[in-house]
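See structure below.
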Amino acid sequence: ILLSLTFFLIFAILGLNLFAGKFYTCSFVSCMEDSVKNAICHNKSICVASGYEWRNPDYSFDNTFAALVTLIEVSTLEGWIDVMWNSVDGTDKGQMPIT
């Protein structure tokens, strides 16, 4: 068990370096608002200015514990598809994923 946790920790640190902060999305994806001149909500500042919430899904790589939980979830094949697509779609911190 200690050996497998060591490997999970190594991959959690790798996930932190690659995906930290890249899974955030706006709580209302199509946030078209007159207050932002009909701009599509593609980053954090526009999302918050539109009155929506910039939130993280239940799984993330933002800290070591969350990364370990995400890796354990993926290794049990429970919800791994969502993690995979968010990893593929992630662009940069403060930016919406590509959909």
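Tabulated values for the structure
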{"quantity": "Tyr59 long-range amide H proximity, modeled H, under 5 Å", "calculated": "none"}
{"quantity": "Accessible surface of the chain [probe 1.4 Å, protein heavy atoms]: carbon and sulfur percent", "calculated": "64"}
{"quantity": "Charged-residue dipole, Cβ positions (Lys, Arg, Asp, Glu), the chain about Cα centre, Debye nearest 20", "calculated": "260"}
{"quantity": "Rg over Rh, two decimals, the chain (C-alpha only, Kirkwood Rh)", "calculated": "1.08"}
{"quantity": "Per-pair calculated FRET efficiency, R0 = 22 Å: Glu73 and Ile98 via Cβ, rounded to 0.05", "calculated": "0.45"}
{"quantity": "Accessible surface, the chain, averaged per residue in Å² (probe 1.4 Å)", "calculated": "66"}
{"quantity": "DSSP H segments from the chain that extend 15 Å or more along their own axis, Cα-based, with Kyte-Doolittle mean of 1.6 or above", "calculated": "2-19, 64-75"}
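The values are calculated or read from the model by the stated rules, or taken from the named source; none is laboratory data. Remember, predicted model here, so these are calculated numbers, not experimental data. Cβ sites come from the backbone with ideal geometry, for glycine too, and all protein chains shown count toward neighbours. What goes into the accessible areas is simple: the full protein's heavy atoms, side chains included, and nothing from ligands, DNA or RNA. Shrake-Rupley method; radii C 1.70, N 1.55, O 1.52, S 1.80 Å.
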